[in-house]
Amino acid sequence: MTEYPQLLHTAIDTTDARGLAEFYREFLGLHYREGDEPPADGSADDADWLVLVDARGHRKLAFQQVERLEPTTWPEHDVPMQMHLDFTLSSFAELQRHRDRAEALGAKLLLDRTDDPDEPLYVLADPAGHPFCIFVA
């Protein structure tokens, strides 16, 4: 039998690894990999690599601290998206609810395409400026 590479997780560069990890932890209901939790004593957090896992402990997203990051200018193409994440929801009501949640957590709306009857969606930017889509599957 042929062996193929397996996707471990998607790593995202950011100038604030803890802040972006917290955004996605809250938005997606994920958990920190053991040892990656914020310092319990409230001390300074100098994490430069963090991993989020699902309820079964499977890696989903990782966050890598970088010194600088040029945010995309999408929908203009001066600085392209380079990568984005897609998330699906079961209904239009859930789409609306999760747009509100994302914005409350610090996301910014880039595109509202909820008038598309075939695939209503929002394109948002996470707090570091990375675009992501939420849409009804």
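The values are calculated or read from the model by the stated rules, or taken from the named source; none is laboratory data. These numbers come from a predicted model, not from an experiment. Note that we place each Cβ from the backbone using ideal geometry, even for glycine, and neighbour counts take in every protein chain shown.
Considering (1) surrounded by fewer than 14 Cβ atoms within 10 Å (Cβ to Cβ); (2) modelled with pLDDT of 90 or more; (3) assigned to a loop (DSSP other than H, G, I, E, B); (4) within 16 Å of the chain's Cα centre (by Cα), say which one G106 fails and leave the rest.
Against the list (1) surrounded by fewer than 14 Cβ atoms within 10 Å (Cβ to Cβ); (2) modelled with pLDDT of 90 or more; (3) assigned to a loop (DSSP other than H, G, I, E, B); (4) within 16 Å of the chain's Cα centre (by Cα), G106 comes up short only on (1).
Which of the residues belonging to the range 17-56 are of a type in the set (G, A, S) and either surrounded by 11 or more Cβ atoms within 10 Å (Cβ to Cβ) or assigned by TED's automatic domain parsing to the domain that holds D126 (or both)?
Passing the criteria: A17, G19, A21, A47.
Quick one: T72 ticks every box in (1) touching a Leu at 6+ places or on another chain (Cβ under 7 Å); (2) of a type outside the set (A, V, I, L, M, F, W, C); (3) modelled with pLDDT under 90 bar one, so which box is it?
All conditions pass for T72, except number (1).
Determine if the range 70-77 includes at least one residue that is under 15 Å from E26 (Cα atoms) and either surrounded by 15 or more Cβ atoms within 10 Å (Cβ to Cβ) or of a type in the set (F, W, Y) (or both).
no
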